[in-house]
Amino acid sequence: MERTLVLLKPDCVQRRLMGQVLSRFENKGLNVIALKMLQVTPELSKKHYAEHVEKPFYPGLEAFITGAPVVAMILEGLECVRVVRDILGATSGLKAAAGTIRGDFSSSRQMNLVHASDSPESAAREIELYFDSSEICAYEPTLTPWLKAGDE
């Protein structure tokens, strides 16, 4: 099983889309093993977006991500990183296909509602930024045999 970090960004929280977005992941059969609402601090923003801190757009990015609460979650499932990114759609809501979260709810290049790790390595790093190991509640849903074959 693979894990990924997902952040419902301030625009998602402010627009009250949290439940609709979360339901897309649950409907796909992904397992939510950690979930919390928090206020991203400038310090956490700098760690999360470390590769962008020196770029000219970073101050606006930091102001956005620290401007309202986010919902952080860890999802688990087969090929979870790719599956989640497919559910989200293209980074720009203007280019995202209908049926994806961004395609259905975003009409902006920047206000794209959700962050998701882009690789298993990024997921491991980002999960450590947002969650202590004691906050992760891995479990096997009783309906798992109805979601995937036993040898997957």
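Of note:
- Residues satisfying the criterion are absent from segment 115-126 (criterion: in contact (Cβ under 8 Å) with a residue 24 or more places away in the chain, in contact with an Asp or Glu (Cβ under 6 Å, 6 or more places away or on another chain) and more than 20 Å from LEU35 (Cα to Cα)).
- Verdict on LEU94 being over 19 Å from GLN20 (Cα atoms) and in contact (Cβ under 8 Å) with a residue 60 or more places away in the chain: no
- Of the residues making up segment 142-152, just one is assigned to a helix (DSSP H, G or I) and exposed (fewer than 10 other Cβ atoms within 10 Å of the Cβ), namely TRP146.
- Taken together, the criteria exclude LEU143 from residues that are at pLDDT 95 or above, out of contact with any Cys (no Cβ under 7 Å at 6 or more places or on another chain) and not hydroxyl-bearing (Ser, Thr, Tyr).
- Scanning segment 81-90 for residues that are in contact (Cβ under 8 Å) with a residue 60 or more places away in the chain and either within 19 Å of GLN20 (Cα to Cα) or more than 12 Å from the chain's Cα centre (by Cα) (or both) gives VAL84, ILE87.
- Residues that are of a type outside the set (Ser, Thr, Tyr) and assigned to a loop (DSSP other than H, G, I, E, B), drawn from segment 114-123: ASP118
- So GLU121, is it modelled with pLDDT of 95 or more, surrounded by fewer than 18 Cβ atoms within 10 Å (Cβ to Cβ) and either over 17 Å from GLU2 (Cβ atoms) or not hydroxyl-bearing (Ser, Thr, Tyr) (or both): yes
- Among the residues of segment 124-141, just one is farther than 11 Å from LEU5 by Cβ, of a type in the set (Asp, Glu) and in a helix (DSSP H, G or I), namely GLU135.
- The single condition among (1) in a loop (DSSP other than H, G, I, E, B); (2) in contact with a helix residue (DSSP H, G or I) (Cβ under 6 Å, 6 or more places away or on another chain); (3) surrounded by 14 or more Cβ atoms within 10 Å (Cβ to Cβ); (4) modelled with pLDDT of 95 or more that MET111 does not meet is (4).
- Among the residues of segment 123-137, those that are more than 12 Å from the chain's Cα centre (by Cα) and either aliphatic (A, V, I, L, M) or under 23 Å from ASP11 (Cα atoms) (or both) comprise ALA124, LEU129, PHE131, ILE136.
The values are calculated or read from the model by the stated rules, or taken from the named source; none is laboratory data. Since we're looking at a predicted model, the values are computed, not measured. Cβ: placed from backbone, ideal geometry, glycine included. Neighbour counts: every protein chain shown.
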